[in-house]
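The values are calculated or read from the model by the stated rules, or taken from the named source; none is laboratory data. Everything numeric in this text was worked out from a predicted model, so none of it was measured. FYI the Cβ positions are ideal-geometry reconstructions off the backbone, even for glycines, and counts take in every protein chain you see. Keep in mind that these areas ignore ligands, DNA and RNA; they rest on the heavy atoms of the full protein, side chains included. Shrake-Rupley method; radii C 1.70, N 1.55, O 1.52, S 1.80 Å.
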Amino acid sequence: MGVMADVKEEVIRMVRAMPDNATVDDVMAELYFKMQVDAGLRELNEGKGIPHGEVERQMSKWLGR
């Protein structure tokens with residue numbers, strides 16, 4: 001199966017898993033969320049993430065600790 005067919009099947013599965021009363025806006029929001037998660041995972045796989053220690057340092061600064 002090609003990449004586009006895989007994407008299509010994944011979207012179909014996602015929509016089928018949603019409640020029957022889901023709106024087009026709900027579907028779009030779910031697709032957007034999935035796109036953002038996938039983009040983040042791709043960045044991590046490419047080594048573009050922020051090390052855990054750096055996140056803790058920044059959070060401490062933001063939280064005034």
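Charging the Cβ of each Asp and Glu at -1 and of each Lys and Arg at +1, and nothing else, the dipole of the chain about its Cα centre rounds to 320 debye.
Read through the labelled values [x] 1.12; [y] 1.41; [z] 1.61 and report the label of the one computed as Cα Rg over 2.2 N^0.38 Å from the structure. Label [z] holds the value from this structure.
For the chain, the solvent-accessible area of protein heavy atoms averages 90 Å² per residue (probe radius 1.4 Å; ligands and nucleic acids excluded). Among Glu46, Glu54, Glu30, which one shows the biggest mean-square fluctuation in a GNM of the chain, springs joining Cα atoms closer than 10 Å? Largest GNM mean-square fluctuation: Glu54. Amide H contacts of Gly49 (H built 1.01 Å from N, in plane; Pro and chain starts excluded): no residue 5 or more places away or on another chain comes under 5 Å.
Counting only DSSP H runs of at least 4 residues, each contributing -39500 (n - 2.57), and dividing by the residue count of the chain, the helix-based mean residue ellipticity at 222 nm comes to -25000 deg cm²/dmol. Between Met59, Gly47, Met14, the Cα set farthest toward the positive side of the dipole of the chain (charges on each charged residue's Cβ, about the Cα centre) is that of Met59. A simple count of charges around Ala22, restricted to other residues whose Cβ falls under 12 Å of its Cβ and scoring Lys, Arg +1 and Asp, Glu -1, yields -3. Considering only protein heavy atoms and a 1.4 Å probe, what is the carbon-and-sulfur percentage of the accessible area of the chain? Carbon-and-sulfur percentage of accessible area, whole number: 60.
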